[in-house]
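Worksheet for the structure shown next.
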Amino acid sequence: MAHALTVQFRRIEGTAASMGWAGVKAVVADRPKGRAGGLGLGLSGGELLALSIGGGFHNQLYFSAEELGLEIDVTVNVGEDVMISDSVIAVCLEVASGSADRDKLLEHAKRHSTISNSVERGFPVAIEQS
């Protein structure tokens, strides 16, 4: 079933950083210290994207395998054209029943991960004035 996810960002007074929130959960976004007024107070856009990719995949995999020990590392590479050129999700997952079951779990998570599927397929981003 489709549903809307809404987040909001507002500038943090006295800084170039912003606070973003979804409901009661919050995150700080900023540029690295010394870049375009950034103070390094929060995560960069690329870091936020990498966390989204890894967090979304982790959540989806965890839904399928709650009892398993799970570690996920995500690397994104930013090209010179200021676009992420690729990403790699490195998963450390041991499944007692063997590698065939592990591979099934990973494939299921890949098929059902909202974020990695969205990034892989691409989607339009519209800018509207309010």
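Values quoted throughout were computed directly from the atomic coordinates according to the rules given, and no laboratory measurement underlies them. Source: prediction; values computed, not measured. Heads up, the Cβs are rebuilt from the backbone with ideal geometry, glycines too, and the neighbour counts pull from every protein chain shown.
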By how many nm would the segment from Phe9 to Ala36 grow when fully extended, if each residue of separation counts as 0.36 nm and the alpha-carbon distance is taken off?
7.9 nm
Which cross-chain or sequence-distant (5 or more) residues have an amide H under 5 Å from the amide H of Leu43, H modelled 1.01 Å from N in plane?
Val28, Ala29, Asp30
Toy charge model, Lys and Arg Cβ at +1, Asp and Glu Cβ at -1: the range 1-43 dipole around Cα centroid in debye, rounded to 20, equals 100 debye
For a quick check: with amide H placed at 1.01 Å from N, whose amide H comes under 5 Å from Ile84's, ignoring anything fewer than 5 positions away on the same chain?
Gly79
Using the Karplus curve 6.51 cos²θ - 1.76 cosθ + 1.60 with θ = phi - 60°, what ³J(HN,Hα) values do you get for each residue of the range 104-118, in whole Hz, with x for Gly and Pro?
5, 4, 5, 5, 4, 4, 4, 5, 10, 7, 4, 6, 5, 5, 5
Projecting the Cα atoms of Gly45, Ser18, Asn77 onto the charge dipole of the chain, where Lys and Arg contribute +1 and Asp and Glu -1 at Cβ, the residue farthest towards the positive end is Ser18
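Name the longest site-free stretch of the chain, where the excluded sites are GluC sites (Glu not before Pro) in a DSSP loop with no more than 13 other beta-carbon atoms within 10 Å.
Longest run free of exposed loop sites: 14-65.
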Give, rounded to the nearest 20 debye, the magnitude of the charge dipole that the chain has about its Cα centre when Lys and Arg contribute +1 at Cβ and Asp and Glu contribute -1 at Cβ.
480 debye
Which whole-number percentage describes the relative contact order of the range 1-43, with Cα contacts under 8 Å and a sequence gap of 6 or more?
28 percent
Quote the relative contact order of the chain in percent (integer), defining contacts as alpha-carbon pairs under 8 Å separated by 6+ residues.
15 percent
Taking N as the number of residues in the chain, what is its alpha-carbon radius of gyration divided by 2.2 N^0.38 Å?
1.24
Here the gain from full extension of Val24 to Ser44, 0.36 nm per residue of separation minus their alpha-carbon distance, amounts to 5.1 nm
Calculate I(q)/I(0) for the range 1-43 by the Debye formula, one identical point scatterer on each C-alpha and no solvent, and give its log10 at q = 0.26 Å⁻¹ to two decimals.
-0.84
